[in-house]
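The values are calculated or read from the model by the stated rules, or taken from the named source; none is laboratory data. The shown structure was predicted, so the numbers you read here are calculated from the model rather than taken from an experiment. With ideal geometry, Cβ positions are generated from the backbone for all residues, glycine too; neighbour counts draw on all protein chains shown. Remember, those area values only see protein heavy atoms, side chains included, never the ligands or the DNA or RNA. Shrake-Rupley method; radii C 1.70, N 1.55, O 1.52, S 1.80 Å.
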Amino acid sequence: LRTNFSVIQKETGFVNGLIAVLHDNTEQEKIDMERREFVANVSHELRTPLTTMRSYLEALAEGAWRDEELAPNFLNVTQTETERMIRLVNDLLKLSKMDSGETELNKEMVDFKVFFNRIIDRFEMSKSQNVIFERDMPKSPYFVEIDTDKMTQVFDNIISNALKYSPDGGKVSFQVSEVDGLLQTKISDQGMGIPKENLDKIFDRFYRVDRARSREMGGTGLGLAISKEVINVHGGAIWAESDYGKGTTIFFTLPFETDDGGEWE
Ligand code: ADP
């Protein structure tokens, strides 16, 4: 809060009034601070892969390119870092589009269970870890009007996190149920979990519980922030619960209908 005082003074020099103007700067200051922090984060996130690439390229230029063993290895590192930067920039573009309200939702009515099962099937087919999947879906169909591409990203982010943090032989469970008039999806893993005090922050941009570990796994720190935006524009909510050391559960809700609204049936 900032206060400006003006003194009302007559030509004779007599003071006959005082005006106090109160400015509420807290909101604007908060926005400015967040913006500065965001720019600092983006710069940092880009500088890290760039400096790594520079040192590997320097080594190659100084002769490592002749070494049959080292060269492919060093090139591999620069490739991985380039890919991370592309992912990061793509994620940033997605967020900035959503921030400016430019994203148009390409909504269609889908049977949520069919949609969700298809995504789980894809992960089940391609997963390389020893992780068990468990599904618990409602019997009756639930229709949701969603942008399937954007919602697929949400599922991909949450499920790939669950897999990333799962121990060998761990279980990832998927559950869909109706709760308080909304369709609630629950995705749980038996990984390392998240300390209570960090639970809300994981949806913030660039927040990671363990920065080094996330980076090592190729994360951008933006996956859950994007997921939150997508769920919000669909009229739902997203949150996390965790038993630290035992596992994490991500919940999100979506409005639903019990029929697809089709005119021909
Ligand atoms: P990242 O690219 O780092 O995975 P996300 O936005 O997807 O970024 O997640 C933010 C952070 O939340 C992660 O870095 C990690 O610390 C934490 N996190 C997310 N999902 C899980 C999970 N299933 N188990 C443990 N930690 C998780």
**Message:** Restricting to the range 1-36, and then to whatever is open to solvent by less than 100 Å² (accessible area, probe 1.4 Å), of a type outside the set (S, T, N, Q) and assigned to a strand (DSSP E or B), can you tell me which residue is modelled with the lowest pLDDT?
**Reply:** His23
**Asked** Which of the residues spanning the range 160-181 are farther than 12 Å from Gln129 by Cβ and crowded, with 16+ Cβ neighbours inside 10 Å?
**Response** Asn161, Ser173, Phe174, Gln175, Val176
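Report whether or not Ala71 is surrounded by 13 or more Cβ atoms within 10 Å (Cβ to Cβ) and in a helix (DSSP H, G or I). Spell out how you get there, then give the answer.
Numbers: surrounded by 13 or more Cβ atoms within 10 Å (Cβ to Cβ): yes; in a helix (DSSP H, G or I): yes.
Here the answer is yes, as Ala71 does meet what is asked.
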**Message:** Can you tell me how many residues within the range 234-265 are modelled with pLDDT under 95 and either near the ligand (Cβ under 9 Å from one of its atoms) or over 23 Å from Ser166 (Cβ atoms) (or both)?
**Reply:** 9
**Asked** Going through the range 101-132 one residue at a time, which ones are among the hydrophobic types (A, V, I, L, M, F, W, C) and either under 19 Å from Ile187 (Cα atoms) or loosely packed, with under 12 Cβ neighbours inside 10 Å (or both)?
**Response** Phe112, Val114, Phe115, Phe116, Ile119, Ile120, Phe123, Met125, Val131, Ile132
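Would you point out the residue of the range 209-233, among those that are assigned to a loop (DSSP other than H, G, I, E, B) and crowded, with 19+ Cβ neighbours inside 10 Å, that is nearest to the ligand (Cβ to nearest atom)?
By that ranking, first place goes to Gly219.
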**Prompt:** Does the range 133-146 hold any residues that are surrounded by 12 or more Cβ atoms within 10 Å (Cβ to Cβ), over 15 Å from Ile158 (Cβ atoms) and either more than 23 Å from the chain's Cα centre (by Cα) or basic (Lys, Arg) (or both), and which are they?
**Reply:** Met137, Pro138, Pro141, Tyr142, Phe143
**Cβ-Cβ under 6 Å pairs, at least 6 apart or on other chains, the range 127-146 side charged (D, E, K, R), far side open to solvent by 40 Å² or more (accessible area, probe 1.4 Å)** = Glu134/Lys171; Asp136/Gln175; Glu145/Lys107; Glu145/Met109
